[in-house]
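First comes the structure, then the notes that go with it.
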């Protein structure tokens, strides 16, 4: 077992003895941590099994939502990279977003994600291609830091160093090992033993269509609610819409060849035109399917000189669009703690206290992550147990649904969400900004709310008028 030199081309700001951070996984979280460590002059190396692939589960989920909290973390790490990501994304946070009734298409609860960001000097939420985001980050990190076709399968922590073992038999020695290798993380398994991921109860179909809704100028994304299923649509720019269809069923289901679209049209028969038109506009071969899993929250993220980041420790359901955002926040926080440990060591001329720095990283992250993780699960439950009208789910009495009598639970739930949602959005989008040292709050000219945003939030009739004005001739 021999240690391999990492790279000599990375110049450090302090000395050659800065701790070497080894990263298992070159997905979004791993690349963000590598970039943050590099910008602080720390030695870092990324082991990635296949940089040519869309990382994580990107092949199923297409574009990714980068919300205000994650964009602000990127700004704190590298403003140039953040600007490149922002320029490449499609702004959705400047328009109306929220929950609607799946059958009628009428608004249930509207979200204003623009105001919480603008009031705090944060970038407005964007949607960006996962491949584009990965390429931007990888270029900034540098090919000299990323070791492609390098899959970490095991490690040894001897208390002084960590030896990462690859599947090709090579071994690398460093001061820290970070598992950023996703929900099926090998680093996690070797740390804590094998554990089963939690099946959410839902399978998810997803697709992207060349489709421009009539209300594209006023609506960014919508969640269409129904009983035991729900549907999400989002503008992703370039005349394309991305969608997700969630249906409650056992895992492991397989569709007949070229049968996904037909099944979806059957599942969502009778739903509003917004859903049916988008499904109809989607090519069969553009539809993918996966079962939704997450991991139970844990308050222990690592041991000794090894810790975890992103999906490897807190894989969450996609209902809040915060999975990748939490990984970005993780990467920023971990780099901060490693940098502080190195500075303290340099000033005191003592050994770098790696273990304490990793513990501080855990302590700074685990409560916020656990709350958002639980909220994502709750969002799935609320979305799929929604009953808009009396008769829904009542079998022989389901004919009552046609009379569109509002369900009492819908009314009470809507009132609760109207009260709670502004505070929740403010905390999710802005609750981490106090940890972004060196980032001054600021707004950019491009982050301007649509002219109808605030009016449409308050007035459904105004929304209808805006849609009519922008309807294609």
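Looking at residue 236, is it within 25 Å of the chain's Cα centre (by Cα), farther than 19 Å from residue 102 by Cα and either part of a helix (DSSP H, G or I) or in contact (Cβ under 8 Å) with a residue 12 or more places away in the chain (or both)?
yes
Sort out which residues of the stretch 249-265 are in contact with a helix residue (DSSP H, G or I) (Cβ under 9 Å, 6 or more places away or on another chain) and not in a loop (DSSP other than H, G, I, E, B), and write them in order of number.
260, 261, 262, 264, 265 - these are the residues of the stretch 249-265 that are in contact with a helix residue (DSSP H, G or I) (Cβ under 9 Å, 6 or more places away or on another chain) and not in a loop (DSSP other than H, G, I, E, B).
Does the stretch 277-298 contain at least one residue that is modelled with pLDDT of 95 or more, within 30 Å of residue 335 (Cα to Cα) and touching a helix residue (DSSP H, G or I) at 6+ places or on another chain (Cβ under 6 Å)?
No, the conditions are met nowhere in the stretch 277-298.
Is it the case that some residue within the stretch 19-33 is surrounded by fewer than 24 Cβ atoms within 10 Å (Cβ to Cβ) and modelled with pLDDT under 95?
yes
Can you tell me which of 370, 335, 327, 379 is under 30 Å from residue 127 (Cβ atoms) and under 14 Å from the mean Cα position of the chain (by Cα)?
The unique qualifying residue is 327.
State whether one or more residues within the stretch 150-157 are over 25 Å from residue 319 (Cα atoms) and within 21 Å of the chain's Cα centre (by Cα).
No - not one qualifying residue is present in the stretch 150-157.
Looking for something in a loop (DSSP other than H, G, I, E, B) and closer than 12 Å to residue 30 by Cα - is there at least one such residue anywhere in the stretch 341-355?
no
Within the stretch 257-274, does at least one residue satisfy the condition of being more than 24 Å from residue 78 (Cα to Cα), within 20 Å of the chain's Cα centre (by Cα) and crowded, with 18+ Cβ neighbours inside 10 Å?
No - not one qualifying residue is present in the stretch 257-274.
Is one or more of the residues making up the stretch 129-149 surrounded by fewer than 21 Cβ atoms within 10 Å (Cβ to Cβ), at pLDDT 90 or above, out of contact with any helix residue (DSSP H, G or I) (no Cβ under 8 Å at 6 or more places or on another chain) and within 26 Å of residue 192 (Cα to Cα)?
yes
Looking only at the stretch 277-291, count how many residues are in a loop (DSSP other than H, G, I, E, B) and loosely packed, with under 14 Cβ neighbours inside 10 Å.
1
Looking at 120, 95, 126 in this structure, which one is under 15 Å from residue 74 (Cα atoms) and either in contact with a strand residue (DSSP E or B) (Cβ under 6 Å, 6 or more places away or on another chain) or at pLDDT below 90 (or both)?
Just one listed residue meets the conditions, 126.
Residue check: is residue 177 outside any helix (DSSP H, G or I) and either touching a helix residue (DSSP H, G or I) at 6+ places or on another chain (Cβ under 9 Å) or within 22 Å of residue 302 (Cβ to Cβ) (or both)?
Answer is yes for this residue.
Is it fair to say residue 14 is under 18 Å from residue 139 (Cβ atoms), at pLDDT below 95 and outside any strand (DSSP E or B)?
no
Please note which helices (runs of 4 or more DSSP H) are completely contained in the stretch 23-112 and include at least 3 residues that are more than 19 Å from residue 186 (Cα to Cα) and free of Cβ contacts under 8 Å to residues at least 60 places away in the same chain.
Counting at least 3 such residues, we get 79-88.
The values are calculated or read from the model by the stated rules, or taken from the named source; none is laboratory data. Just so it is clear, the model here is predicted, and its values are computed rather than measured. Note that each Cβ is placed from the backbone with ideal geometry, even for glycine, and that neighbours are counted across all protein chains shown.
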